[in-house]
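Single-structure report; data block below.
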Amino acid sequence: MAIDPDIAATLAALLAAEEPTDAQWSLLIHWELADRQRAAAWGITPENVDTQLQTRLEWLRAIGVWPAAVPLPADQDVYVSLYWQLWLPLALTIKAARDRLQRPLIQGILGVQGCGKTTLTRILVQLLTAMGYPTLSFSLDDLYKTYADRCRLRQADPRLRWRGPPGTHDIDLGLATLDHLRRAPSQEGVDIPRFDKSLYQGEGDRIAPERVQGIDIVLFEGWFVGVRPVAEAQFEQAPAPICTEADRRFARDMNRWLQHYLPLWERLDRLLLLCPEDYRMSKRWRQQAEQRMRAAGQPGMEEATVDAFVDYFWRALHPELFITPLKHDRTITNLVIEINLDRTPRTVYRPK
């Protein structure tokens, strides 16, 4: 993601609390309006762009930069560009949505494995809290059934050998938690379920809940948050790795299980979709992560195991069938952020 040197110099001046020159300000305005899809996603028009950027600049100076949620990158120009054109306006958009409600906002974040949704969530928690909106990060992973319950589930259906697919979560616990967060007075505490993936040799188990209060915004993220069932006829010509009749039977069963999650998705006020240009990038990201773990002397899956692991999730809920359609469904998705292989944004838009 190359950054124009003049843009980089302008952003560096802003970070140094210098007043931008007229030429620099005009450059920022042009840069903001040049990408029409992104500008529309942030609600920016030629008529309000000056006011919008002034507001963004005020928050930049009030909050600062370099969130602790992410490591300082080697290419600071790219980082500052992400902060100015993505993270900060996204936080302001979520803040504005909260202002329109008379209760806490539940913001869903859907993203395939490895796309960076956890990092994005951490950044948003830091920014929104700094803006005066106490924000909670809550994952679909936190709703996994207990280790004992999943052992019984696996005995009943050996196909559910890994946690993650529909059926491995405690939906009632999720409904109770989100409902409590939505209506809790600011002084009332709420118990948030938490899950430790390191327990039982990586099988994971539920741990003591986290007590919170005064939450204004909930960021509810997960690999199939907001995903709806599809017509079963689609599995007749499904993409790989749904190849055999057993694969199709598993996919149909997982599709039916999604019906049980719909009441949970109904608690979402908004849904953000973070996705790669090509869903197959997620397998490469997982391979890279495991390679880094092995290089550091930590346990990491070998390449063949990673392939089997990712294929398992694709057989359950294939991204091409369940996620790609949401990129164009404005009745479900409020915002789409497509990313490149290096996880920098390729495009940002609202579905039409």
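The set of residues in the stretch 204-240 that are out of contact with any helix residue (DSSP H, G or I) (no Cβ under 6 Å at 6 or more places or on another chain) and within 19 Å of Leu160 (Cβ to Cβ) comprises Gly204, Arg206, Trp223, Phe224. None of Ala97, Ala17, Ala13, Ala39 is farther than 27 Å from Glu277 by Cβ and assigned to a helix (DSSP H, G or I) except Ala13. Taking (1) closer than 30 Å to Leu92 by Cα; (2) exposed (fewer than 15 other Cβ atoms within 10 Å of the Cβ) in turn, Ser198 satisfies each apart from (1).
Here Gln213, Gln259 are screened, and the one residue that is within 27 Å of Ala148 (Cβ to Cβ) and among the polar types (S, T, N, Q) is Gln259.
Which of the residues that make up the stretch 160-170 are buried (at least 17 other Cβ atoms within 10 Å of the Cβ), touching a residue at least 24 places away in the same chain (Cβ under 8 Å) and not acidic (Asp, Glu)? Walk me through it before giving the result.
To start, the set of residues in the stretch 160-170 that are buried (at least 17 other Cβ atoms within 10 Å of the Cβ) comprises 160, 163-170.
Those left that are additionally touching a residue at least 24 places away in the same chain (Cβ under 8 Å): 163-170.
Scanning the stretch 160-170 gives Arg163, Gly164, Pro165, Pro166, Gly167, Thr168, His169.
So, Thr135, is that one at pLDDT 95 or above, touching a strand residue (DSSP E or B) at 6+ places or on another chain (Cβ under 7 Å) and of a type in the set (S, T, N, Q) or not? Criteria met by Thr135.
Of all residue pairs spaced 6 or more apart or on separate chains, those with beta-carbon atoms under 8 Å, a first member in the stretch 7-31 that is farther than 18 Å from Leu86 by Cβ and without any contact (Cβ under 8 Å) to a residue 60 or more places away in the chain and a second member that is basic (Lys, Arg) and surrounded by 11 or more Cβ atoms within 10 Å (Cβ to Cβ) are Ala17/Arg61.
Among the residues making up the stretch 181-219, those that are in contact (Cβ under 8 Å) with a residue 60 or more places away in the chain, in a loop (DSSP other than H, G, I, E, B) and under 27 Å from Gly132 (Cβ atoms) are Ala184, Gly214, Ile215, Asp216.
Considering the stretch 278-336, the qualifying helices (runs of 4 or more DSSP H), each wholly inside and each with 2 or more residues that are closer than 30 Å to Thr93 by Cβ, run over 281-295, 319-322. Filtered by the rule that a residue be at pLDDT below 95 and farther than 20 Å from Ala316 by Cβ, the stretch 259-277 gives a lone residue, Glu277. In the list Arg286, Arg256, Arg280, which residue meets the criterion of being modelled with pLDDT under 95, surrounded by fewer than 16 Cβ atoms within 10 Å (Cβ to Cβ) and either of a type in the set (A, V, I, L, M) or out of contact with any strand residue (DSSP E or B) (no Cβ under 7 Å at 6 or more places or on another chain) (or both)? None of the other options fit; the residue is Arg280. Looking only at the stretch 205-241, residues that are surrounded by fewer than 18 Cβ atoms within 10 Å (Cβ to Cβ), within 26 Å of Gln102 (Cβ to Cβ) and hydrophobic (A, V, I, L, M, F, W, C) come to 1 in all. With the condition kept exactly as written, say whether any residue in the stretch 71-87 is in contact with a strand residue (DSSP E or B) (Cβ under 9 Å, 6 or more places away or on another chain) and at pLDDT 90 or above. Checked against the condition, which is being in contact with a strand residue (DSSP E or B) (Cβ under 9 Å, 6 or more places away or on another chain) and at pLDDT 90 or above, the stretch 71-87 yields at least one hit.
Please find, within the stretch 121-145, the residue that is surrounded by the fewest Cβ atoms within 10 Å (Cβ to Cβ) out of those that are of a type in the set (S, T, N, Q) and part of a helix (DSSP H, G or I).
Kept after step one, since they are of a type in the set (S, T, N, Q), are these residues of the stretch 121-145: 121, 126, 129, 135, 137, 139.
If we keep only those that are part of a helix (DSSP H, G or I) too, we end up with 121, 126, 129.
Values: Thr121: 24, Gln126: 18, Thr129: 16.
So, considering only residues that are of a type in the set (S, T, N, Q) and part of a helix (DSSP H, G or I), the one surrounded by the fewest Cβ atoms within 10 Å (Cβ to Cβ) is Thr129.
Residue count for the stretch 116-135 satisfying the condition of being in contact with a helix residue (DSSP H, G or I) (Cβ under 9 Å, 6 or more places away or on another chain) and within 22 Å of Gly204 (Cα to Cα): 1. Please enumerate the residues belonging to the stretch 199-232 that are at pLDDT 95 or above and more than 25 Å from the chain's Cα centre (by Cα). Correct list: Ala231 only.
Within the set Leu173, Leu178, the sole residue that is outside any loop (DSSP other than H, G, I, E, B), touching a residue at least 24 places away in the same chain (Cβ under 8 Å) and under 20 Å from Ile332 (Cβ atoms) turns out to be Leu178.
The values are calculated or read from the model by the stated rules, or taken from the named source; none is laboratory data. Computed from a predicted structure; not experimentally measured. FYI the Cβ positions are ideal-geometry reconstructions off the backbone, even for glycines, and counts take in every protein chain you see.
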